[in-house]
Amino acid sequence: MALVAVFAALIVVAAVVPGIPVGSLGVPITLQTLAVMLTGLVLGPTRAAFAVLLYLALGFVGLPVFSRGASGLQVLAGPSAGYLVAFVVAALVVGLAAREVVRRVQPARWVPLFFLAAMLTSVLFVHTLGILGLMVNGRLSLAAAFRVDLAFYPGDIVKNVVAAFAAAAVHRAFPDVLVRRVR
C-alpha cells in the first residue's frame, strides 16, 4: 500500500508541475505520462493501476491534483479526459510487460525492452484514447485530433527513455519490488 501511495503522489507531482499547453484546446504537455509509465514499469500491473486509480480518485473528489490545479468529475468532460482514462490502462499494460521482462530477460536488456513496452503502450492506449477524448469532448475530427496529439510524441519518446532507465535502476537496486524471488 505504501508503494501505491508513493507512486500516486509521484503522479500528482508530475501533474501539478506547470505544463505546456498544446493547440487551441489547451491540453498540456506534462510529466504525467513519465510518472504513469514509471509507475507501471516499477510496480507491475495491479499496484500501478491502483496507484493511478488513487490519483484519479483524489482529483475526482475535489483535490486539485490534475494539470493546472483542476479537480472534480468535470475534467471528464474536458479535452484531456481520454488521456486521464488511458493512464489506468497504460499503467496496467506496461506493468504486465515489465513483469514479464523482469522475470524472463537478463538485466542488460531491460532498458530497451522497458522503452519498447512504454512506447507501444503510449501509442496504442494513451494516444488512442487521448485522440478519442479530443474528438468527443473537443469536438474535433479524427484528423484534427490526430494533429493535436502529434505534438505529444517527441516528449513521450524522451519521457519513456527516462522511465526505462529509471525503472531498470530501481529493479537492480530493489530486485523484489516487482517480482518476488523464491529463496
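The values are calculated or read from the model by the stated rules, or taken from the named source; none is laboratory data. Worth saying up front: this structure is predicted, and the values here are computed from it rather than measured. FYI the Cβ positions are ideal-geometry reconstructions off the backbone, even for glycines, and counts take in every protein chain you see. Side chains are part of the model used for accessible areas, which takes the heavy atoms of the whole protein and leaves out ligands, DNA and RNA. Shrake-Rupley method; radii C 1.70, N 1.55, O 1.52, S 1.80 Å.
So that you can scan it fast, the table gives a plain yes or no per residue for (1) modelled with pLDDT under 95; (2) among the polar types (S, T, N, Q); (3) under 27 Å from residue 1 (Cβ atoms):
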{"residue": "129", "(1), (2), (3)": "no, no, no"}
{"residue": "136", "(1), (2), (3)": "no, no, no"}
{"residue": "149", "(1), (2), (3)": "yes, no, no"}
{"residue": "152", "(1), (2), (3)": "yes, no, no"}
{"residue": "161", "(1), (2), (3)": "no, no, no"}
{"residue": "182", "(1), (2), (3)": "yes, no, yes"}
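Which one is modelled with the lowest pLDDT among residues in region 10-28 that are open to solvent by 50 Å² or more (accessible area, probe 1.4 Å) and of a type in the set (A, V, I, L, M, F, W, C)? If we take residues in region 10-28 being open to solvent by 50 Å² or more (accessible area, probe 1.4 Å) and of a type in the set (A, V, I, L, M, F, W, C), then 25 is modelled with the lowest pLDDT.
Of the helices (runs of 4 or more DSSP H) lying entirely inside region 29-139, those containing at least 1 residues that are touching a residue at least 40 places away in the same chain (Cβ under 8 Å) and open to solvent by 70 Å² or more (accessible area, probe 1.4 Å) span 45-60, 81-104, 110-121, 128-137.
Which numbered condition in (1) modelled with pLDDT under 95; (2) under 14 Å from the mean Cα position of the chain (by Cα); (3) not small (Gly, Ala, Ser) is the only one that residue 75 fails? Result: residue 75 passes all but (2).
Only residues that are charged (D, E, K, R) and either surrounded by 13 or more Cβ atoms within 10 Å (Cβ to Cβ) or within 17 Å of the chain's Cα centre (by Cα) (or both) were counted across region 140-178, and they come to 4.
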